[in-house]
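Data block below; observations after.
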Ligand code: SF4
């Protein structure tokens, strides 16, 4: 499923692909990701024409529509610079599924070139930037939720926790069922809302039971789902809400 | 009792949503499955810890790929070698034909009672009902299958058919149907069931079993089991009929040990099972036991149409270990009956559409968050998530159109939603300009946003998009920095 990835030396410039969920719901996470990269001395190019990687239509089976949207993104990264994506699921889409989507089409070579330059943000910070973080925050217990796409599609179960481990005042706590899906799954949550709700309920219980004071994740889909569940129950007076945050924002906040 | 009231329902794939709703609302079902699947996951984890799992999976996948690459030749070789060994081979295009063949074989022997080892293929073709209609009783002898049959249900798992029942429920069923005493003593219940079954083994005219691996090279039928019922079924009655899907063939005898190792470890976390039967002929002159006649029924039932599609072909690698179900977060929560199909869970969702058509099964490929757990554990590395997406594509009418019922899920409303999403996402200035950002996303959620908000607060779009934040940031940090060729500033948002 995952193959060994050879990492390039740290480049001078990178592209940043912000993802549609971040653009709309969590723009600060995107900006914090950009700042983390800039602090490493990298110039970050954000093509303003970017919209969405095409994944929602792809996983729903609407591949003609997904291909058209993906095609528009392929144009945005003409130079050979890495493309940084602050999300495992969009990263996985671009790295793995673009090749499938464009197989046998005139865009195949372009899609493969994009695919091999895609890095998930935490992956890039660890393996390419070899980032060293200095924690300036208060002591805190934090749980990490790694998305299924980051974990299985991109093989990045460790990069998020490794970054958190660099924060001297942060205690990373384990949640039971860490590898289990939170139930988001893009349109799955909409097509099968009750099953999805059962999954996210178990996830919130596991996070709560971990004793963490907050949770972080590198995927905004999971964040939206888990935080939405916490908030819903909090509003219903059923439990305290556990704050959630994108890992880029958390890292930036604690180290700047 | 929940387990018994379930037997009154008929589960169908068309009613997936309602069945999922019912299962989620049934604490007993949920607890039974969660406990059982947690146990099975832990067992698999433990048994593989001392193995080079990836190497073994790679080997298993390659053995299956090799067998499938030569499938037509291997089937002919299997037939020739079986016949040479004295095993009669029959071919069935679909379940109905397979049922007919088996019934006629039984009738030719004047059989009135049949004892069965566990066989999912026979479930797939509804063999018991067919035989029953012809006046032949078929009794399941696998303990789980026996309980499920007593309870007038279908299996809820392919390896552990009665996994949805707990001890109390099993006791109640046995008490009601066989008159045993009410107890929580598992040994007592097992012994009682064994005693009930033993008489039937002795009296049965025909034994019917499944097949785990059919070896082309030698004409050998391999049967993996733990209770001894498989051995009894295939050795005690005067006639043995083995029934299998055509994909179960492997090329060589030496292909079997790695697949067997993967199967038992993936399924129940066992290094080996209590019994492993290799059947290569009827009773020979001078032998003291074994059936006088052995038949093998090779069932197609949609498999050869899967075979003709180079992507879907991977489905046929499956060795029916059930690991994908055990690890599936959806299966774990809704249980096997919710799927309403013979094979539930991830493997069912990629297999059943070919057997029943996508009209009936269109909700199954979408009943997955694509978390990838199934693909990660599959011992023969079937890319299950990719196959789910492929079937979603077929259901949406954008695939190759070679799956029965292709296009069944395509609706005007949904197509329109994706088209408008596509328009917006390919018109960057409109995308940036759509200040009512929630509107941007309403098209991503084609049918129902309502149920989402029954369980979660609805996400709130931020006041400023990332596109704008980046512009502001760039203006602050490097006022003179050039914007990239493709990325002009968005006028709409200034
Ligand atoms: S698809 Fe893979 S994991 Fe699932 S039953 Fe088949 S072999 Fe086992």
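Some observations on this one:
- Index of the failed condition, residue B:338 passing every other in (1) in contact (Cβ under 8 Å) with a residue 60 or more places away in the chain; (2) within 14 Å of chain A (Cβ to nearest Cβ); (3) within 16 Å of the ligand (Cβ to nearest atom); (4) within 22 Å of residue B:161 (Cα to Cα): (3)
- When region B:306-318 is filtered for residues that are part of a helix (DSSP H, G or I), under 20 Å from residue B:214 (Cα atoms) and within 15 Å of the ligand (Cβ to nearest atom), the ones remaining, listed by number, are B:306, B:313, B:314, B:315, B:316, B:317.
- Residue in region B:92-99 that is in a helix (DSSP H, G or I), surrounded by fewer than 18 Cβ atoms within 10 Å (Cβ to Cβ) and out of contact with any strand residue (DSSP E or B) (no Cβ under 8 Å at 6 or more places or on another chain) present: yes
- Residues satisfying the stated conditions in region B:352-377, i.e. in contact with a helix residue (DSSP H, G or I) (Cβ under 6 Å, 6 or more places away or on another chain) and more than 25 Å from residue A:193 (Cα to Cα): B:354, B:377
- Single match in A:172, A:167 (criterion: away from chain B (no Cβ under 12 Å) and either part of a loop (DSSP other than H, G, I, E, B) or at positive phi (or both)): A:167
- Reported count of residues in region A:7-34, each being modelled with pLDDT of 95 or more, more than 8 Å from chain B (Cβ to nearest Cβ) and part of a helix (DSSP H, G or I), is 3.
- Checked against the criterion of being within 14 Å of the ligand (Cβ to nearest atom), surrounded by fewer than 22 Cβ atoms within 10 Å (Cβ to Cβ) and in contact (Cβ under 8 Å) with a residue 40 or more places away in the chain, the candidates B:383, B:379 yield just one match: B:383.
- Entry remark, region A:48-66: residues being facing chain B (nearest Cβ under 7 Å), in a loop (DSSP other than H, G, I, E, B) and surrounded by 24 or more Cβ atoms within 10 Å (Cβ to Cβ) number 4 in total.
- Among the conditions (1) touching a residue at least 60 places away in the same chain (Cβ under 8 Å); (2) away from the ligand (no atom under 16 Å from the Cβ), residue B:321 misses just one, which is (2).
- Hey, residue B:281 crowded, with 23+ Cβ neighbours inside 10 Å and more than 16 Å from the ligand (Cβ to nearest atom) or not: no
- Applying the set (1) within 13 Å of the ligand (Cβ to nearest atom); (2) in contact with a strand residue (DSSP E or B) (Cβ under 8 Å, 6 or more places away or on another chain); (3) within 20 Å of residue B:155 (Cβ to Cβ) to residue B:259 leaves exactly one unmet item: (3).
- Check on residue B:249, touching a residue at least 40 places away in the same chain (Cβ under 8 Å) and crowded, with 21+ Cβ neighbours inside 10 Å: yes
- When we screen A:245, A:238, A:213 for residues that are more than 9 Å from chain B (Cβ to nearest Cβ), over 25 Å from residue A:154 (Cβ atoms) and either at pLDDT 95 or above or crowded, with 24+ Cβ neighbours inside 10 Å (or both), the only hit is A:213.
- Taken together, B:429, B:368, B:349 contain a single residue that is at pLDDT below 95 and either within 16 Å of the ligand (Cβ to nearest atom) or surrounded by fewer than 24 Cβ atoms within 10 Å (Cβ to Cβ) (or both), which is B:429.
- Boolean, residue B:389 is more than 15 Å from the ligand (Cβ to nearest atom), over 26 Å from residue B:10 (Cβ atoms) and more than 14 Å from the chain's Cα centre (by Cα): yes
The values are calculated or read from the model by the stated rules, or taken from the named source; none is laboratory data. Bear in mind the structure is a predicted one, so any value in this text is a computation, not a measurement. Note that each Cβ is placed from the backbone with ideal geometry, even for glycine, and that neighbours are counted across all protein chains shown.
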